[in-house]
Structures are given as C-alpha cells and as structure tokens.
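Take a look at the structure set out below.
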Amino acid sequence: MAERRTGSPWTTKMSTASLVLIPAAIGINYVGKLFASMLKLPLWLDSIGTCLSACLAGPLVGALSGFLTNLIYGLTMDPISTVYGLTQAGIGIVVGLMAWYGRVNKAPGILLTGLLAGLTAICISTPLNMIFWGGSTGNVWGDAVFAAMGSQGFLASAVDELIVDLPDKIVVLFITAGIYKVLPRSLVSLYQAKDESLD
Amino acid sequence: MAEIVINNLRYRYPETTRLALNGITCQIHQGEFIGVIGRNGAGKSTFSQALLGLVPNFYHGAYGGSVTIDGVNVKESSVDELCQKVGLVFQNPFNQITGSKLTVYEEIAFGLENFGVPSDEMHRRIDNAMELLDISELKNRVPYDLSGGQMQRMALAGIIVMEPEVIVMDEPTSQLDPQGSEEVFRAVRALKNQGKTIIMIEHKIEKIAAYSDCVMLLDDGKLVAMDTPKVIFSRDDLAKHGVCAPTYTQICRELNIRDRDGLFPVTLEETRALLDADMKERVSR
Amino acid sequence: MKKSISLYEEKHSFLNGLSPETKLLYVVVAIAIPVMIGGRIPFIAFMAISIGLLIDSKVLYKAKTIIEVSGFILITVVIIQTFFRGGNYTELFRLGPLVARKEGFEYSMGILLNVLNIIFCFCVFVLTTKPSDMMQEMVKHGASPRLGYVFVSLFQIIPQMTEHTSTITDAQRSRGMETEGSLGTRIKAFLPLISPVIMSSFMDTKERSIALEVRGFSSKAKKTFLEDFIPSKYDSKIRMILVIIFISSVVFVILKATGVLPVWLR
C-alpha cells in the first residue's frame, strides 16, 4: 500500500483470489461487530473487513464486500439493514480508491481516509435513515442529539449519524492500516504482484 | 495419455530472493506412481502447484523453463483447462470445502457444474467416485460435519469426478489421525489400481516406499535424484538432504542385507523375501 | 452446532414450492403498493397477508427473532418522535417534563407500520427460500455464477468463522486479557481479539481459492446444476395476479391524483 499502484482501479478483473476475499471480509465485519458489542464499545467497528479487502484488492472488491455484508445481515437478521449495503459499498469504494493511490499509509492519510469514509457513510445513510426511521439511527448518543434538535429534518438526522459514524470510521481505518502492515507479503502479493521471466 | 515433460523449471515467489524451484528437469509417464520427498521448504508443494500452472499463473512471480502436459505448456494454459487433466488435493481438508453446498453429494458435484456436465452424467460420475472411495453412505451429510479422513476423501472424490488422468496429492494425510490417514491411503490404492498417474508428496516414508514406482528427492529447489525407491533409499546422503530411509532399509543397512544389485530393501515384503532367499541358500549349502 | 446461518427451513409448504422470483415479486408489490396508496389500511392488509402466508408455511415463530432485532430501534423511534418532534403540536399527555405530541406519535406509527410491513413480507421470502435456489435463479437470469458462489458460500463460511471467536476469547482471557473495566481497557482488548480472526481467515482464502480453481471455478463453460428447481404449477398464475394487482394500484393512484375517481372511492 506504500506506493501508488499503476493502471485503473476499476479494470481490475475479479480473480478467484479476490472473490474469495469477499466472504473473509464479511466474516471479519461480522466478528468485529460481535467483539465491539461484547466489549460494550461505543463504536460499531463493523467495517474492518470491507476496508481491508478494499486496500488489498481495490474498490470493487471493497464495495462488494460491503454491500454483501448488509445483504446477508438482511437475509438472516434484520431485513431493513439490506439497504444500508449502499453505505458499506460507498465506504469500500472510498477506501479502495485512497489505498489505490497510496494514501492509506501515514497517519495524516489514514485520518483523511477515515474522514472521507465517515462523510460518505453520512451522505448515504442519512437519506435512508429519513426514509425508513424518520431520521433516527438507533444509537443512543446520536439519537439523544437528534431528539434535542427536534427529531426532524435532514440536518438533525445527519448530525445524529455523524456522532457515531465519524469516530467509528476513523478508528476502523487506523485498525485497518495497522493490520494491513503486518499481513504476510505472500498474501498481499497474490493481489498486487507482477510476473517476470527467468528465461 | 498424459505425458508430463518438465524442462529446466525455475521459479521465484514474488518479493523473495531465493529460487523455490531451481532447474528441475524430468519426465513422468502415464500410470506411474511418483513419490516426492524432501525436507520442509525443499520446493515440493511449489513443484506440485507448477504442474497445474498455479505457479506462476496464480502466485505470479518469476518463472523460467517449462512444464508441458501432452505437449501443452501449462504456463500458456489456464487452470480450468488443465484441471480436467490434472487434479490436485492438498493438506487441509477443511479449506478444500467450497462452503456453497449443504450435502456431500452436492459438494462433489461442484466441479462438474462448473464445466456444464449434464445432470444425469453428473449423477453417474458422482456415484462411481463415491463407491470407489467408499463414501457412498455419507451422501446426505453436511460437508463440514465429516471427520478429517472423510473430508479428505470427499475432496478427492470432487477431483476424480472430473476424470483427470493425473492426480497430484500434496501431503493429503498430514493433518489426519492414523485412522483417517489409513482411509485416504486405501482410496489412493484404489486409484492406482485404476491406472491413474499419481504424484504424491508425503512425509510418511514407509508409504512412499510401498506405493511408488519412482521417487523424486528434492532439496533446496533442485531435483537431487529421481529413481526407484530402492535406489533412492539406498543412498548414503539421505540425512544430508533432510530425509530418512524407511525402517526396514535402515535395519538392513545396519545388518548389511543387500539384494543382488547391492541395494537395500524398502518394505517388509522385500525384506522378508530377501531373508527367505538367504535362509534357503544357507540350508541348501 | 449451527452449520448455516440461513433462516430457511424445508417444510414442504406452498411457499417452499414457489420460485424465488415469484416470492421476490411479492416482496416488491407488498412494499410498494401501501407506500403508493398511502393511509394505514393497505399496510395492515399486506401485513395480514404476509402473516397468513407465514402461518401457512409454519415459520411464523422464526419471524419473532427478526422482529426483536428491529423492535428496539422501533421503540426508540416512537419515543423520540412522540416526545421530541418539533413544530406545532397537540398535547396527548404529560410525563414529568415531557409532552407527548399527537403529531409525533402519528408520524412514528407511520414508520412503525412501514417497517413491520417490510419485515413481514421479507420474511415470506427469506424464511421459505433456500439460498442455493436464490442463487440458481439469479444465475439463470444472467448474474455471474462466480458472484453466485460467493453469495451462497457466505451462509456457511460466516458461521465457520464466528465459531472460532469463542475459542479466541477464552484463549485471550486465560492469558490474562481484561475484557471488562474502563473504556480504555476494553478498547485495548479489541485488537488482540480480532487480529487472529483476520489472519487465519485471510490465510485460508489462499488455499480456498486454489481449491476452487482446480475444480473449474474459472471455467468459461455454461454452468449446469445438479438439481433444477421445479416451481409448482401455481407459480406463473401467482406472478400474473401480482402483476395485475400492481398495475391496478398504479392506475388507481393516477386516477385518484387526476381526480377522475368517483367520490365514494376517494
């Protein structure tokens, strides 16, 4: 991830290795959410897998991991969460692009990526919150502020979302970058290595 | 007829400096059972994956020389074409389960579905394979519920339904208990009797000695020797290459019991035959 | 031990026999029509149909867990909207310093009905459809079989992964890691818990992709299926009825908007 990669981030053809990364990423999202609630953390931490797969295999794989996370969640637990797959897909694209251009590397870049991912989440989730939940997010802190702001309107809803999403995405990005650095090179090279000839 | 020709094969994994395969040249003929031995890191797994073109097409990295199967260069060909000729089974039976099927029967069908085999043909091939590997009674079980030996035989069945002429096995029993391991070897014997070419990487040296027509000894990415088990295990420099000879060979070496060609026996049967002959000779004298 | 997180259960019911497509069409119709027509009765009507179908398929009890997940957030929505919604309001009752507002309460009831309706009709689809049938249907309609694989495999691979989490938690606790206490302590516990899961699942992907590759996963041949899903004879009729209902609702809404509708129907 240290350097900017060549080629277009969109033309990456879906290799089998990339596709198989998706279930792993979704599992990590799941487990992250599980541990976060087990430790009673005030964050969701349910997009680490999305961000990691985006860093490894590009924005498309990131977007798919994110979208399918919510689709599966929707099919097994909470139907409405399916539509929030759009939010996770947006996060995957943003993080994948930032990683592609070599920005998820040093602290300022990671912070910036976290902020952008958080803003993306707010932009996509807020309209969905308005449509389905009248603007609430289901998070105690965010909803408290939402109530204080009169429980209506786009602004109040966006602030509600921001209070949870922005810190969450920044923390997620720092965790992602930290883990990415210690991933075995043999794994990373499956996605990013070039061929050469010894003849 | 699958004829495998390997010519000066060299390969280096991405972001490493050492050649994992260094100038391997050999030929493997239809119907042979080839045992591949060598210490950890000798290049055995890399070699097995080069036979299907996974090295270099999946791993990338630096590649030289060639592997051809029936005149087809594997590097220029894709894995989905090659896997109808060469099947691969590897160590961890768990990771070979696709995760997309709810019964053993469906799991075995996975490869056939990908190749668009018609449904009735699929049923025929799956039934045959399950019978051959003695797993017919597991038909409706959940793949993840099986024991290690059963899982590994299911993986093998998933490969042989595609009817490859060559089957490559990379330590298929290293993660199994003795019983599971015995189950897999029984299945291997059945395949050998069918005339399949089998290339098996295995640390259980007694098994290699018993099954192989020919043994390849690898060390540091190089092919040290390729010959009959007797010739390989009668070498003096085995320890230097990080392998040991079968127990019978070691005992006979200590007792200096050799056959007519001056080689040590490698299995119980050979040892017994040699001792019997020896005994008769003494009695008749 | 749970092997698949799919909520599907084979009950040989009427709904089990319908094609996934037909059930998905029902979901679309059941969500769209009440929103188009408005008022409360259409929502309640579709909910009643969904519940009836679930009872017929003997899976209503499974809908309970799904309702519980969304139930909590629904309660907060009702509270927030009833007591805090801005603007002019009609007082319903007072609870200490808080005023229950009629407008907010009614607004939250609208949300409640919509969400419950979505949940119930979704259940009709999810609780009676096998994931691999959903996939086969998608692939037959031109979806990538490779993506189809990813979709179906999730139902089994995720429980395989989460199964390890309790082992990891126990192992880390026995090494003296604290999972309770101040926020700082708990945050510190997160990384050692999640990193083994990430490492092992990523390393597994390498072997899994080889295993798929050697079984023709990248083959360009037209995929076949071991068993084809044969929908019941009612399948196409039901689809037709759903389409007719949908079109007549659209016509109804247009007529209502243009004011052509007779007074007694408005």
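The values are calculated or read from the model by the stated rules, or taken from the named source; none is laboratory data. No experiment lies behind these values; they were computed from the predicted model shown. Reconstructed Cβ throughout: ideal geometry from the backbone, glycine too, with neighbour counts over all protein chains shown. These accessible areas exclude ligands, DNA and RNA; they are computed on the full protein's heavy atoms, side chains included. Shrake-Rupley method; radii C 1.70, N 1.55, O 1.52, S 1.80 Å.
Data for the structure
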| quantity | calculated |
| --- | --- |
| Some residue of region A:155-164 being part of a helix (DSSP H, G or I) and facing another protein chain (nearest Cβ under 8 Å) | no |
| Any helices (runs of 4 or more DSSP H) falling wholly within region B:73-144 and containing at least 2 residues that are of a type outside the set (Gly, Ala, Ser) and under 30 Å from residue B:8 (Cα atoms) | B:79-82 |
| Number of positions in region C:120-132 that are touching a Ser or Thr at 6+ places or on another chain (Cβ under 6 Å) and facing chain A (nearest Cβ under 10 Å) | 3 |
| Residue list for region C:226-240, filter: loosely packed, with under 13 Cβ neighbours inside 10 Å and of a type in the set (A, V, I, L, M) | C:230, C:240 |
| Residue match in region A:15-31 (condition: more than 9 Å from chain C (Cβ to nearest Cβ) and either within 23 Å of residue B:58 (Cα to Cα) or modelled with pLDDT under 90 (or both)) | no |
| Of all residues making up region C:99-111, the number that are facing another protein chain (nearest Cβ under 10 Å) and aliphatic (A, V, I, L, M) | 1 |
| Close pairs from region A:177-191: first facing another protein chain (nearest Cβ under 8 Å), partner acidic (Asp, Glu) and surrounded by fewer than 18 Cβ atoms within 10 Å (Cβ to Cβ), Cβ under 7 Å, at least 6 apart | A:185/B:15; A:189/B:15 |
| Number of positions in region B:52-69 that are under 26 Å from residue C:223 (Cβ atoms), touching a residue at least 40 places away in the same chain (Cβ under 8 Å) and assigned to a loop (DSSP other than H, G, I, E, B) | 1 |
| Top-ranked residue in region A:36-87 [being in contact (Cβ under 8 Å) with a residue 60 or more places away in the chain and open to solvent by 40 Å² or more (accessible area, probe 1.4 Å); ranked as farthest from the other protein chains (Cβ to nearest Cβ)] | A:44 |
| Helices (runs of 4 or more DSSP H) enclosed by region B:165-272 - at least 2 residues per element that are over 30 Å from residue B:11 (Cβ atoms) | B:178-193, B:205-211, B:247-255 |
| Some residue of region C:47-63 being open to solvent by 60 Å² or more (accessible area, probe 1.4 Å) and within 14 Å of another protein chain (Cβ to nearest Cβ) | no |
| Any hit, region A:129-148, residues being farther than 30 Å from residue C:88 by Cβ, open to solvent by 30 Å² or more (accessible area, probe 1.4 Å) and more than 14 Å from chain B (Cβ to nearest Cβ) | no |
| Check on residue B:22, of a type outside the set (Gly, Ala, Ser) and within 12 Å of chain A (Cβ to nearest Cβ) | yes |
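Okay, residues lined up against (1) away from every other protein chain (no Cβ under 12 Å); (2) open to solvent by 20 Å² or more (accessible area, probe 1.4 Å):
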{"residue": "C:152", "(1), (2)": "no, no"}
{"residue": "C:171", "(1), (2)": "yes, yes"}
{"residue": "C:178", "(1), (2)": "no, yes"}
{"residue": "C:182", "(1), (2)": "no, yes"}
{"residue": "C:249", "(1), (2)": "yes, no"}
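One line per residue, one yes/no per condition, for (1) surrounded by fewer than 15 Cβ atoms within 10 Å (Cβ to Cβ); (2) farther than 15 Å from residue C:242 by Cβ:
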site	(1), (2)
C:5	no, yes
C:9	yes, yes
C:19	no, no
C:22	no, no
C:25	no, no
C:30	no, no
C:35	yes, yes
